[in-house]
Amino acid sequence: MTATLIDGKAFAASVREKVAVHVARLKDEHGITPGLAVVLVGEDPASQVYVRSKGKMTNEVGMNSYEHKLAADTSESDLLDLIAKLNADSNVNGILVQLPLPDHLNEDLVINAIDPAKDVDGFHISNVGLLGTGQKAMVPCTPLGCLMMLREHHGSLSGLNAVVIGRSNIVGKPMANLLLGDSCTVTIAHSRTKDLPDVVRSADIVVAAVGRPEMVPGSWIKEGATVIDVGINRVPAPEKGEGKTRLVGDVDFASAAEVAGAITPVPGGVGPMTIACLLANTLTATCRAHDLAEPEGLTA
Ligand code: GUN
């Protein structure tokens, strides 16, 4: 392997440490403790793990965590009532409704019921519009984490060719907007893109967010490019024993690491940055709510 490994686990720990220092100062100087409310509807096992881990890390940086676990058959109006209460609660600075929601609930309607100032996921249509027009927004956590790692590695991103593979609302589109904001030349590629290997070969920065295991081989990567792998795919690992699995990204790590200048591993790359950025966003929302200076280096 020739590429520099971008250690998301270590970087996420440093982001959480910065958040914790800022939270301690908010408490000492202003008597404010940021609060993050997480709403989980139903019993999806993966979501339960995420929510538990979010609650633990929220407490570890000195914030208050409020968990609301609702039954899978909760009605839309009951969920909207809870969101209205959280919107009105001054102890709650950030609200996250864990997705996916059960099928009978309208995700767009629910997300857009959150006060945009408390929308720490950055999914509310107002925040999407603010980001798209280069205004101060709450920014989705995963792309924010990718941006932080890219800035840390490159310093300025100005003028670099960036290719984002994947056009989701949660990662691809906001990632492209963030890279544009940092003056990259941005291409969004997706499943219908013609000549995808050539498009990717033009990139100084590749962000892979398609959810297809090891789809991007090293032969697509330009020598020296920076590769950010957002994918987290569980695949069979018969070499570890019958029924065993392992996590892989959207990039074939072994071949890509031979040509890239820098690359994020899976696991231990983008994944840990997402919760760290959720905490950073909760801190940012708290500072904005109280008209206090925002933390440096923790926003877009
Ligand atoms: N489910 C999986 N990832 C996320 C996320 O970043 N935010 C929310 N709200 N739900 C998710």
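The values are calculated or read from the model by the stated rules, or taken from the named source; none is laboratory data. Because the structure is a prediction, the values reported are computed rather than measured. Neighbour counts run over all protein chains shown; Cβ positions are idealised from the backbone, glycine included.
Within region 63-87, being more than 23 Å from A276 (Cα to Cα) and either of a type in the set (D, E, K, R) or in contact with a Ser or Thr (Cβ under 8 Å, 6 or more places away or on another chain) (or both) holds for D73, E76, D78, D81, K85.
When G271, G261 are checked against the criterion of being within 30 Å of G62 (Cβ to Cβ) and crowded, with 17+ Cβ neighbours inside 10 Å, G271 stands alone in meeting it.
In this structure, A254 does satisfy being exposed (fewer than 14 other Cβ atoms within 10 Å of the Cβ) and small (G, A, S).
The single condition among (1) at pLDDT below 95; (2) within 17 Å of C146 (Cα to Cα) that L279 does not meet is (1).
Which residue is farthest from M138 (Cα to Cα), if the candidates are limited to region 255-283 and must be among the polar types (S, T, N, Q) and away from the ligand (no atom under 16 Å from the Cβ)?
The selected residue is S255.
Among the numbered conditions (1) under 30 Å from G224 (Cβ atoms); (2) exposed (fewer than 13 other Cβ atoms within 10 Å of the Cβ); (3) hydrophobic (A, V, I, L, M, F, W, C); (4) within 16 Å of the ligand (Cβ to nearest atom), the only one that V15 does not meet is (2). Scanning region 280-300 for residues that are crowded, with 19+ Cβ neighbours inside 10 Å, assigned to a helix (DSSP H, G or I) and among the hydrophobic types (A, V, I, L, M, F, W, C) returns A280, L283, A285, C287. Among the numbered conditions (1) in contact with a Pro (Cβ under 9 Å, 6 or more places away or on another chain); (2) crowded, with 23+ Cβ neighbours inside 10 Å, the only one that I125 does not meet is (2).
Scan region 124-148 for residues that are more than 16 Å from the ligand (Cβ to nearest atom) and either under 19 Å from T187 (Cα atoms) or basic (K, R) (or both) and the total you get is 4.
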